Amino acid sequence: MTVFKNTYMIMRHGQSEANVADIVVSDPKIGCVNFGLSALGKEQAKQAAIGCRDAQIDLIYCSDFMRTRETADIVAKVLALNSPIKDIRLRERYFGDYEGLSSLSYEAVWEKDALDSDQAERRVESTACVRARTLDVIADLECRHTDKVILLVSHGDALQILSSAFHHIASGLHRTLPHHETGEIKTLIRRGASKTF
């Protein structure tokens, strides 16, 4: 059983240019340098930051994709925090052969996820792998910090899959959880709470 020393909040990046174009962008070679936030996405990040001022966030960690970096930077600026710390373990789930295709492709992947958390058909990163790497971020932060409120800025699938661990469901069932909207901030777990993984 883990008793958490910190509070963790999770945020999906604001609407991105990839969302607007309705395409899958999960390859770091593309997503780290292209497809940042849309004008709406920037506003979503700003409003989310304003809305969570009372949460007293201390630190921000983010994926190194352009859309998450821009989101985290806006939140840090609004909240007058230090620059976000990039962690590649918070990256978008890799969608393999679906890269560059319509976002309708996600549905096909999610259907397979529900049947097999280890599925890696068409070179898609399995939900088991995504869950392991995102939980590893939290484990490291628990070793590094105490009594902090930490915001993790990541991507839709990565956050849904991470959340599955805290809801005690199989990682492949992540789509049964409430959808994480662009620019939305949620509390993942509070300091003092305990979980068994």
What pairs come up if the first residue lies in segment 99-118 and is within 17 Å of residue 27 (Cα to Cα) and touching a residue at least 24 places away in the same chain (Cβ under 8 Å), the second is aromatic (Phe, Trp, Tyr) and surrounded by 15 or more Cβ atoms within 10 Å (Cβ to Cβ), and their beta carbons are under 9 Å apart, counting only those six or more places apart or on different chains? 101/95; 105/95; 105/98; 106/95; 106/98
Exactly one condition in (1) surrounded by fewer than 21 Cβ atoms within 10 Å (Cβ to Cβ); (2) in contact (Cβ under 8 Å) with a residue 60 or more places away in the chain is not met by residue 179; state its number. (2)
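Conditions tested, residue by residue: (1) open to solvent by less than 20 Å² (accessible area, probe 1.4 Å); (2) under 24 Å from residue 64 (Cβ atoms); (3) polar (S, T, N, Q); (4) in a helix (DSSP H, G or I).
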position: 134; (1), (2), (3), (4): yes, yes, yes, yes
position: 139; (1), (2), (3), (4): no, yes, no, yes
position: 143; (1), (2), (3), (4): no, yes, no, yes
position: 147; (1), (2), (3), (4): no, no, no, no
position: 152; (1), (2), (3), (4): yes, yes, no, no
position: 188; (1), (2), (3), (4): no, yes, no, no
position: 192; (1), (2), (3), (4): no, no, no, no
In contact with a Gly (Cβ under 7 Å, 6 or more places away or on another chain) and either open to solvent by less than 40 Å² (accessible area, probe 1.4 Å) or over 18 Å from residue 184 (Cα atoms) (or both): which single residue out of 111, 107, 92, 125 fits that description? 92
Assess whether residue 121 counts as being more than 26 Å from residue 42 (Cβ to Cβ) and acidic (Asp, Glu). yes
Being closer than 30 Å to residue 42 by Cβ, in contact with an Asp or Glu (Cβ under 7 Å, 6 or more places away or on another chain) and among the aromatic types (Phe, Trp, Tyr) is true for just one of 106, 94. Which residue is that? 94
Out of the residues in segment 51-66 that are assigned to a helix (DSSP H, G or I) and touching a residue at least 60 places away in the same chain (Cβ under 8 Å), state the one that is surrounded by the most Cβ atoms within 10 Å (Cβ to Cβ). 55
Could you identify the single residue in 181, 92 that is within 19 Å of residue 52 (Cβ to Cβ) and either at pLDDT 95 or above or part of a loop (DSSP other than H, G, I, E, B) (or both)? 181
Of the listed residues (83, 117), the one being in contact with a Ser or Thr (Cβ under 8 Å, 6 or more places away or on another chain) and not in a helix (DSSP H, G or I) is 117
Please state which of the following conditions residue 82 fails to meet, knowing it meets all the rest: (1) open to solvent by 80 Å² or more (accessible area, probe 1.4 Å); (2) touching a residue at least 24 places away in the same chain (Cβ under 8 Å); (3) not aromatic (Phe, Trp, Tyr). (2)
Only listed residue being surrounded by fewer than 18 Cβ atoms within 10 Å (Cβ to Cβ) and either under 24 Å from residue 74 (Cα atoms) or in contact with a helix residue (DSSP H, G or I) (Cβ under 7 Å, 6 or more places away or on another chain) (or both), chosen from 118, 157: 118
List pairs: first residue in segment 38-50 and under 9 Å from residue 16 (Cα atoms) and polar (S, T, N, Q), second residue at pLDDT 95 or above and not in a helix (DSSP H, G or I) anywhere in the structure, Cβ distance under 6 angstrom, at least six positions apart or on different chains. 38/15
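The values are calculated or read from the model by the stated rules, or taken from the named source; none is laboratory data. Quantities reported herein were computed from a predicted structural model and do not represent experimental measurements. Note that each Cβ is placed from the backbone with ideal geometry, even for glycine, and that neighbours are counted across all protein chains shown. Calculation scope for accessible area: heavy atoms of the full protein, side chains included, ligands and nucleic acids excluded. Shrake-Rupley method; radii C 1.70, N 1.55, O 1.52, S 1.80 Å.
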